[in-house]
Amino acid sequence: MHPIFDADALLLLAITIASKRKPATLDEVVVGLAMVQPKLPAETRLLEAFARLSRHGLIAARDGGYTLCAAAEKIMMAVPKKKEFAEQAFCLKAKLAEFEAEPSEAAVQPEAADLTTAIAAWQASLPPPTKTEKFEQRKLEQRGPGAARRFGASTGFGKPGGPRSPRKRY
């Protein structure tokens, strides 16, 4: 399956989480996406991922929800379960690269308005930001564009914005 996008792997992981016992509704898929990655992909990327995965026979719409097909379940069996979500997504993208199937089935994707409503319902269910989060956000906004990259985005030693090396120089 080519090309493979991050949204494809995230959507497969989210549907796997959300549809354990029954097909997952769109709201459940959005909650699963938020569990995998708190910053959701853009709505257009999600709609394209739904269409791409369903055309290749990996997801299907059943009983008012979305579920994995047999090919996707076989791929998900090869993904390590006890890894972080980022590592699982990386392994899943590798498995999707190996997956060979011609797009044959009709694309199944939710309506854009339904996806927007599901994302808005998820955002409304989140707790309000704390004072510290508001302060950090305001501080980044005041520094201008690219401030997140310059200040606080990296945490490694020797990188801009990271802590200094603990090694003393004599």
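The values are calculated or read from the model by the stated rules, or taken from the named source; none is laboratory data. Keep in mind the model is a prediction, meaning the values are calculated, not measured. Cβ: placed from backbone, ideal geometry, glycine included. Neighbour counts: every protein chain shown. For the accessible areas, the whole protein counts, side chains as well, though only heavy atoms, and no ligand, DNA or RNA atoms are used. Shrake-Rupley method; radii C 1.70, N 1.55, O 1.52, S 1.80 Å.
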Taking the stated definitions as given, is A101 loosely packed, with under 14 Cβ neighbours inside 10 Å, at pLDDT 85 or above and either farther than 13 Å from I15 by Cβ or touching a Gly at 6+ places or on another chain (Cβ under 6 Å) (or both)? no
T116 fails exactly one of (1) among the polar types (S, T, N, Q); (2) modelled with pLDDT of 85 or more; (3) closer than 30 Å to L12 by Cβ; (4) out of contact with any Asp or Glu (no Cβ under 7 Å at 6 or more places or on another chain), namely (4)
Output the residues belonging to segment 49-77 that are in contact (Cβ under 8 Å) with a residue 12 or more places away in the chain and within 21 Å of M35 (Cβ to Cβ). A49, F50, L53, L58, I59, G65, Y66, T67, L68, A72, I75, M76
Go over the candidates L33, L58, L12, L26 one by one and state the one that is open to solvent by less than 80 Å² (accessible area, probe 1.4 Å) and either touching a Pro at 6+ places or on another chain (Cβ under 6 Å) or among the aromatic types (F, W, Y) (or both). L26
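Residue-by-condition table, conditions (1) part of a helix (DSSP H, G or I); (2) of a type outside the set (V, I, T); (3) open to solvent by 70 Å² or more (accessible area, probe 1.4 Å); (4) out of contact with any Pro (no Cβ under 9 Å at 6 or more places or on another chain):
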site: I75; (1), (2), (3), (4): yes, no, no, yes
site: K93; (1), (2), (3), (4): yes, yes, no, yes
site: L96; (1), (2), (3), (4): yes, yes, no, yes
site: A106; (1), (2), (3), (4): no, yes, yes, yes
site: Q109; (1), (2), (3), (4): no, yes, yes, yes
site: L115; (1), (2), (3), (4): yes, yes, no, yes
site: P129; (1), (2), (3), (4): no, yes, yes, yes
